[in-house]
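Structure record follows, encoded as structure tokens.
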Amino acid sequence: MTQLDERDMTEATERAAAAASRGEASYRADPYPVYGCLRDTAPVCRLSPPHGVETYLITRYDDAKAALTDPRISKDMYAAMDAYHTIFGDSSVALDDNMLFSDPPKHTRLRRIVNSAFSPRRIESLRPRIQQVTDELLSRCSGSAPIDLLSSFAFPLPLIVICELIGIPEEERDDAQKRCATVARTGFSKADKEKLAVAEGALRDYFVELIARKRKNATDDLLSDLIRTQDEQGAMNDGELLSTLWVLLFAGHKTTAYLIGNAVYNLLNHRDQLRDVMADPELLPNAIEEIIRFEGSVENATFRHALEDITIRDTVIPKGSLVQVAVASANRDPEKFESPDTFDIRRKGLQSAHLGFGSGAHYCLGAPLARMEMRIALTSLFERFPNIELADPAAETAWLKVPFPAFRGLEKLPVILEPAQTRGV
Ligand code: HEM
């Protein structure tokens, strides 16, 4: 390599690292060139994010997969309280005392308690109800005027399903969802942290009250089962129960909602492949895996931290640093996936390869539910509205703009379900 190449390379890396650190608008609109540059030039890249804690971003597939299962890279938030407080303030601790923020053996214990509720067999039994909810939502959506598919369909579907599964009554769901939205969207400024604290406090109070109510009057739902298990076997303390409800509610609807949006958006932009899926529904399961690889709704796995100095490639991640695994980058790594920037619903060997549901002990608990919701949502939407189109294909795509990306998704997705010319108008 020439001197000039090296200098260009360093500048490109610095630009990419700065874009990722600051969450620049162009990076949020299209993060893949930044990830491509980092994979090539700084695959374990030190970032200085707005939350103020030194973070190492891992962008290559092999490193990402290894990091997700490396016992030296911990998920236990209690072992990194200083960093945790700096990023989120005090209010999050009560909500995050759950499997997602713990290591074995605590993680194993907490996950085992809810595992059976999310087994493929139990999830299969939800199919008729998920279909019914989908049909009801779509029947309220028809028309030739533009509608936002996210707020009218993609969000309500998984929200209703997870709330029914947990046992959150219908009239209380809107408030719960609004508070989840605040938690997901706050940044790291003082004002943001104050907003976060209010939303988290309200959620905590709500869950405490809901648990007390179900303890008095058990119903046929997961929360009542968890309370029974807690009372009979002492398997979870009160804080862990509350936090488990939170992680199920939060992880159980946002991820799937954004993925429905990403799926519809990408299929409408690859109309030939959409036609193939509609002609041959057997292609759908693989199409969904390709969507999760190509534009999954989780861009970065949740925070981890180094329990000791760890060397990956030539970079030392000092003990105590935060580690983020850029799942979206790993899923576009050309060393793992041929022509990774091409959307191809017939791509082979996807399900066990992409990292869109994570890997290892924290592999997504809700993957069977998410896959079923996706299949039902997409099949029903495209069967009922085969001519659906983007309301304004020339408009700028409204990708989420949160500076430090956890989710990859759309703010809104304006579509026309029944375009006038196909209805003969
Ligand atoms: C398309 C939808 C979904 C995607 C893309 C997704 C993605 C992920 C990913 C990447 C992780 C690993 C996080 C990490 O290691 O840092 C994860 C964990 C998790 N997901 Fe999902 N998820 C989805 C849907 C769901 C649903 C429907 C639920 C319902 C309950 C759920 C519950 C969880 C839970 C509880 C964990 C933590 C598991 C653990 O720590 O052992 N997810 N998910």
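Would you kindly derive the ³J(HN,Hα) couplings of region 68-83 from the backbone phi angles with the Karplus curve 6.51 cos²θ - 1.76 cosθ + 1.60 (θ = phi - 60°), listing them in order in whole Hz, with x for Gly and Pro?
5, 10, 7, x, 7, 10, 8, 10, 6, 5, 5, 8, 9, 4, 4, 4
Just to verify a number: what accessible area does residue 303 come out at with the full protein assembly present, 1.4 Å probe, Å² rounded to tens?
Residue 303 has an accessible surface of roughly 40 Å² with all protein chains in place.
Tell me the net charge near residue 139. Cut-off is 15 Å between Cβ atoms, residue 139 excluded, with +1 for each Lys or Arg and -1 for each Asp or Glu.
So the environment of residue 139 carries a net charge of -2.
Which net charge results when you count Lys and Arg as +1 and Asp and Glu as -1 among the other residues whose beta-carbon is under 14 Å from that of residue 110?
Taking every Cβ under 14 Å from that of residue 110, the sum is -1.
Expected output is a single nm value to one decimal: the length gained when fully extending between residue 384 and residue 32, i.e. 0.36 nm times separation in residues minus the C-alpha distance. What is it?
Stretched fully, the residue 384-residue 32 segment lengthens by 123.4 nm.
Report the calculated FRET efficiency for residue 237 and residue 115 (r = Cβ-Cβ distance, R0 = 25 Å), to the nearest 0.05.
E(calc), rounded to 0.05, equals 0.85.
How far apart, in nm, are two points set 7 Å out from the Cα along the Cα-to-Cβ line at residue 181 and at residue 402?
Once both label points are built, they end up 1.4 nm from each other.
Where does each of 254, 193, 216 land when they are ordered by accessible area, with a 1.4 Å probe and the largest first?
Sorted by accessible area, descending: 216, 193, 254.
Largest first, what is the accessible-area ranking of 307, 242 with a 1.4 Å probe?
Result, largest first: 307, 242.
Any idea what Rg and Dmax come out to for the chain if you just take the C-alpha atoms, in Å?
According to the Cα coordinates of the chain, Rg and Dmax are 21.7, 74 Å.
Of the candidates 190, 401, 319, which one comes out as most mobile in a Gaussian network treatment of the chain with C-alpha springs shorter than 10 Å?
190
Report the convex hull volume per residue for region 340-415, counting only C-alpha atoms, in Å³.
About 157 Å³ per residue, rounded to a whole number.
Is region 218-372 best put as rounded, prolate or oblate by its Cα gyration tensor, with a ≥ b ≥ c the root eigenvalues, rounded for a/c under 1.5, and otherwise prolate when a/b is larger than b/c, oblate when not?
oblate
Would you work out which of 242, 294, 340 lies farthest towards the positive end of the dipole of region 3-423? Charges go on Cβ: Lys and Arg +1, Asp and Glu -1.
242
Could you tell me the distance between the Cα centroids of region 142-157 and region 7-57, to the nearest Å?
That distance is 34 Å.
So, R0 is 22 Å and r is the distance between the beta-carbons of residue 11 and residue 313; what FRET efficiency does that work out to, to 0.05?
0.60
Which of the lysines could a cross-linker span from residue 336 if the Cα-Cα distance has to be under 23 Å and same-chain partners fewer than 8 positions apart are dropped?
The qualifying lysines are 65, 348.
Determine the dipole magnitude for the chain: charges of +1 sit on the beta-carbon of Lys and Arg, -1 on that of Asp and Glu, nothing else is charged, the reference point is the Cα centre, and the result goes in debye to the nearest 20.
Dipole size: approximately 560 debye.
Using alpha carbons only, how many angstrom separate the centre of region 355-408 from the centre of region 238-258?
Each part reduced to its Cα centre gives a spacing of 18 Å.
Can you give the Rg to Rh ratio of region 110-229, both from alpha-carbon atoms, with Rh computed by the Kirkwood formula?
Ratio of gyration radius to Kirkwood radius for region 110-229: 1.02.
Take the alpha-carbon centre of region 81-139, take the same for region 273-340, and report the distance between them in whole Å.
20
Net charge around residue 286, counting only other residues with Cβ within less than 9 Å of its Cβ (Lys, Arg = +1; Asp, Glu = -1)?
Local charge sum for residue 286: 0.
The values are calculated or read from the model by the stated rules, or taken from the named source; none is laboratory data. On a predicted model such as this, the values are computed, not experimentally measured, just so you know. Neighbour counts are summed over all protein chains in view; Cβ atoms, including those assigned to glycine, are modelled from backbone coordinates with ideal geometry. Calculation scope for accessible area: heavy atoms of the full protein, side chains included, ligands and nucleic acids excluded. Shrake-Rupley method; radii C 1.70, N 1.55, O 1.52, S 1.80 Å.
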